[in-house]
1. Say we look at the stretch 104-127 and pick out the residues that are touching a Ser or Thr at 6+ places or on another chain (Cβ under 8 Å) and not in a loop (DSSP other than H, G, I, E, B); which of these is nearest to R48 (Cα to Cα)?
2. Starting from the stretch 156-175, take each residue that is touching a residue at least 60 places away in the same chain (Cβ under 8 Å) and list its partners that are among the charged types (D, E, K, R) and outside any loop (DSSP other than H, G, I, E, B), counting only C-beta distances under 8 angstrom and pairs at least six apart or across chains.
3. How many residues are in a loop (DSSP other than H, G, I, E, B) and not aliphatic (A, V, I, L, M) when one looks only at the stretch 38-69?
4. Sort out which residues of the stretch 159-176 are within 11 Å of the chain's Cα centre (by Cα) and of a type in the set (S, T, N, Q), and write them in order of number.
5. What number of residues within the stretch 135-187 are over 12 Å from T114 (Cα atoms), in contact with a Lys or Arg (Cβ under 8 Å, 6 or more places away or on another chain) and surrounded by 18 or more Cβ atoms within 10 Å (Cβ to Cβ)?
6. Condition first: over 15 Å from E78 (Cα atoms) and crowded, with 19+ Cβ neighbours inside 10 Å. Now tell me which residues in the stretch 114-124 satisfy that.
Amino acid sequence: MIKFHHILWVTLLLCSACSQNDSKQTSETEIKTAIELRNDTLLAITDRALMFTNGTSDTLPFTDDSTAILLIAVRHAEKATEGDDPILTPAGQARAAHLTKILKNCPLNGIYTTRFVRTMKTAQPVATAQQQVIMLYDHKDLEFAPRLLQKQQGRRLLIIGHSNSIPKLVNQIIGEDRFEAIGDEDYSNIFIVAIGNNGQSKRVIRARF
């Protein structure tokens, strides 16, 4: 009888461990991030869709989730080569103006940039058009992303940073090292990061603009 109870007890422990492992695997699957890499050029972001210059469109992730957070993250536009805190070149100014057009029908709740002329000048046309105040952040602050996502349910935010900091920020938000630093001469990446289901579902779309 004692031996039988011992076998039963071991069996129950093994079943419990299997159940916990299955639950853990299910949980990890539930929060896995969907990532889409597109070489298409973004034409516009609206309340419900991403529209591309080739005539295609995608439904904006989690459009029916009122608690979803949408982050639009870009590197600053083209900068001058001289100075410790360079200004935007004419091409950079044109890109900043183009970003404003892309976001024309996507009302923002906040705009964040680093303390550099090139990031603030990239953000300024958007901030002016949408009557938003630019908020500054430290791109080296590892706690910025966790703080950013607190109490932001249902909000849409624009974040402007640098060639190394924007991919790191996206990686930190999704909890995966999926994106490498952007090349020095590449200013065209735009990341759309959507977080839905109270943080349990995430989707990243990287396109061009």
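None of the figures in this text is laboratory data; all of them are computed from the coordinates on show. Only a predicted model underlies this, so the values are computations on that prediction, with no experimental measurement involved. No Cβ is skipped: glycine too gets one built from the backbone with ideal geometry, and neighbour counts run over all protein chains shown.
1. Going through the stretch 104-127, the residues touching a Ser or Thr at 6+ places or on another chain (Cβ under 8 Å) turn out to be 105-106, 113-114, 119-120, 122-123, 125-126.
From what's left, not in a loop (DSSP other than H, G, I, E, B): 113, 119-120, 122-123, 125-126.
Details: T113: 25, T119: 27, M120: 27, T122: 24, A123: 23, P125: 23, V126: 19 Å.
Looking at residues that are touching a Ser or Thr at 6+ places or on another chain (Cβ under 8 Å) and not in a loop (DSSP other than H, G, I, E, B), I get V126.
2. I160/R75; G161/R75; H162/R75; S163/R75; I166/R75; I173/K202; I174/K202
3. Total meeting the criteria: 14.
4. N171, Q172, listed by residue number.
5. Total satisfying the criteria: 6.
6. T114
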